[in-house]
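Where a number appears in this text, it was derived from the coordinates with a stated rule and is not lab data. For clarity, every value in this text was computed on a predicted model and none was experimentally measured. A quick note on method: Cβ atoms are made from the backbone with ideal geometry, for glycine too, and the neighbour counts reach across all protein chains shown.
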Amino acid sequence: MNAILENIMTRRSCRAFEKRRIPDADLEQILTAAVYAPTAMNRQTWRFTVLRDAEQIAQLARAVGAAIGREGYNFYEPDTLVIVSNLKTNANAIADAGCAMQNIMLMAHSLGVASCWINQMKDTNGDPAVRALLDGYGVPADHDVQCCAALGYGNPAREIEHSMTAVHYV
Ligand SMILES: Cc1cc2nc3c(=O)[nH]c(=O)nc-3n(C[C@H](O)[C@H](O)[C@H](O)COP(=O)(O)O)c2cc1C
């Protein structure tokens, strides 16, 4: 099978991460894949803010959890959390972020690193406590968080069925 198609077909989301560090060189490749994703009109106005400290990740998760009313919320305690933000004024911010996220997840998978899309900061990044932490981590004030990537080692939650019936040739 084509190697890229095999990588796409075997990637699965992970929701329980081991306490094991992703090597810096692997993380660098994952982030390189992110910035090489396409963007509308090649604007590249995004930022990838990388948290590698467990306490910083936990602190942010607590603030997000409080904002959404979910006690114990923890982003699945990943080794690394990549916060994907973009200019509030960029109408294609979420589309650009989606392209970058897919690159992140597929590059990670090719290196044996598991991943999960984290959506909860999209609607909470305006919460004062969440925003104060984002300010401290250098997420620009004129950016909204579009999504995050939880990265680390672990096994996928479950197998997923996909159907070619979604494809309609005319
Ligand atoms: C836009 C989007 C938002 C998602 N948000 C979350 C999330 O907040 N938490 C989570 O555990 N998974 C999230 N996921 C992962 C999906 O649940 C997952 O991709 C889907 O169930 C298919 O499973 P797979 O990734 O293993 O193929 C999200 C995926 C996408 C594309």
Cβ-based net charge around SER115, under 13 Å, with every Lys or Arg adding one and every Asp or Glu removing one: +1
Checked against the positive end of the charge dipole of the range 17-155 (+1 on Cβ of Lys and Arg, -1 on Cβ of Asp and Glu, about the Cα centre), the farthest of PRO78, VAL139, ALA97 is ALA97
What net charge is computed for the residues neighbouring ARG15, neighbours being all others with C-beta under 12 Å from the C-beta of ARG15, Lys and Arg scored +1, Asp and Glu -1? +1
With n ≥ 4 as the cut-off for DSSP H runs, can you work out [θ] at 222 nm for the chain, using -39500 (n - 2.57) per run divided by the number of residues, rounded to the nearest 500? -11500 deg cm²/dmol
About the Cα centre of the chain, how large is the charge dipole given +1 on each Lys and Arg Cβ and -1 on each Asp and Glu Cβ? Please answer in debye to the nearest 20. 120 debye
Output for the range 12-66: chymotrypsin sites (Phe, Trp or Tyr not before Pro) sitting in coil per DSSP, at most 13 other Cβ within 10 Å, listed by number, reads TYR36
Among ALA25, MET164, LEU87, whose Cα projects farthest towards the positive end of the dipole of the chain, with charges put on the beta-carbon of Lys, Arg (+1) and Asp, Glu (-1)? MET164
Find how many whole Å separate the alpha carbon centroid of the range 73-94 from the alpha carbon centroid of the range 14-72. 7 Å
Report relative contact order for the range 17-155 in percent, whole number only (criteria: Cα-Cα under 8 Å, sequence separation at least 6). 36 percent
For the chain, the helices passing both cut-offs (Cα extent along own axis of 20 Å or more, Kyte-Doolittle mean at least -0.5, full DSSP H runs) are 54-68, 93-110
Find the relative contact order for the range 42-88 and round it to a whole percent, using C-alpha pairs within less than 8 Å whose residues are 6+ positions apart. 56 percent
Over the chain, what lengths in whole Å, largest first, do the semi-axes of the equivalent ellipsoid take, defined as the square roots of 5 times the eigenvalues of the alpha-carbon gyration tensor? 25, 20, 16
